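Visitor: Dropping the structure in here first, questions after.
The values are calculated or read from the model by the stated rules, or taken from the named source; none is laboratory data. Being a predicted model, the structure only gives us computed values, none of them experimental. In this analysis, Cβ positions are derived from the backbone assuming ideal geometry, glycine residues included, and neighbour counts consider all displayed protein chains.
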Amino acid sequence: MLHIQYADYEALRAHGEETYPNECCGVLLGKSNGAEGNTVHQIVRAGNTRTDSAHNRYNIAPVELVRIQRQARTLGLDIVGFYHSHPDHPAQWSPTDFAEAHWIGCSYIITAVEKGKAAITNSFLLLGATEDDKNFHDEAIEIEIAEAAPTLKGQE
């Protein structure tokens, strides 16, 4: 199961709406909790460097990915996944998404953006030991809603 805060969940969906009709992409920073799944502590927007078909493909520049990975380490976090949007296409991984997925144990979130509006969001966990036996598994998303901080009397 993927655990994510409501604000981060909504932010990655909004990112898809902002980049429509092109795909958005980004990185999920957090911690892997073994059998309990990945917990997202922060999302980081990335630029889609695809210029040939940005409407149905995405790519994160290696230099940007390294910068994000360094940022994660500074925060005591790991890369636990990636997200991207599918403009006017289902929130289901494509053969290209599968071929370009290499981070075993990571979550891959896909949001369908229909006519500019975020619709369904799904997550898929990449499992396996090598490129030869990797496979995607449907992954439930648990959206955590942060409780409002209590207000002190007179500071309302």
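Visitor: For segment 12-52, how many residues meet the condition of being β-branched (Val, Ile, Thr), in contact with a strand residue (DSSP E or B) (Cβ under 8 Å, 6 or more places away or on another chain) and not in a helix (DSSP H, G or I)?
Guide: Of the residues in segment 12-52, 5 are β-branched (Val, Ile, Thr), in contact with a strand residue (DSSP E or B) (Cβ under 8 Å, 6 or more places away or on another chain) and not in a helix (DSSP H, G or I).
Visitor: Taking the conditions exactly as written (farther than 12 Å from Val80 by Cα and of a type in the set (S, T, N, Q)), does Ser53 satisfy them or not?
Guide: Spelling it out, Ser53 is indeed farther than 12 Å from Val80 by Cα and of a type in the set (S, T, N, Q).
Visitor: Within the set of pairs 6 or more residues apart or between chains, which connect a residue that is of a type in the set (Lys, Arg) inside segment 20-39 to a residue that is part of a strand (DSSP E or B) with Cβ atoms less than 6 Å apart?
Guide: That search, which allows pairs on different chains as well, returns Lys31/Thr39.
Visitor: If you don't mind, there's one more thing I want to ask. Would it be correct to say that Glu36 is among the acidic types (Asp, Glu), more than 19 Å from Asp138 (Cβ to Cβ) and surrounded by fewer than 18 Cβ atoms within 10 Å (Cβ to Cβ)?
Guide: Criteria not met by Glu36.
Visitor: Output the number of the condition that His15 fails; it satisfies all remaining conditions of (1) surrounded by fewer than 20 Cβ atoms within 10 Å (Cβ to Cβ); (2) in contact (Cβ under 8 Å) with a residue 40 or more places away in the chain.
Guide: (1) is the only condition that His15 fails.
Visitor: For residues in segment 18-33 being crowded, with 22+ Cβ neighbours inside 10 Å and small (Gly, Ala, Ser), which is farthest from His89 (Cα to Cα)?
Guide: Gly30
Visitor: In addition: How many residues are of a type outside the set (Asp, Glu) and over 13 Å from Ile110 (Cα atoms) when one looks only at segment 12-22?
Guide: Final tally of qualifying residues: 4.
Visitor: Mind listing whichever residues of segment 101-114 are in contact (Cβ under 8 Å) with a residue 40 or more places away in the chain and out of contact with any His (no Cβ under 8 Å at 6 or more places or on another chain)?
Guide: Gly105, Cys106, Ser107
Visitor: Quick one: which strands (runs of 3 or more DSSP E) lie wholly within segment 67-137 and hold at least 1 residues that are touching a Leu at 6+ places or on another chain (Cβ under 9 Å), at pLDDT 95 or above and over 23 Å from Thr19 (Cα atoms)?
Guide: Output list reads 78-87, 117-127.
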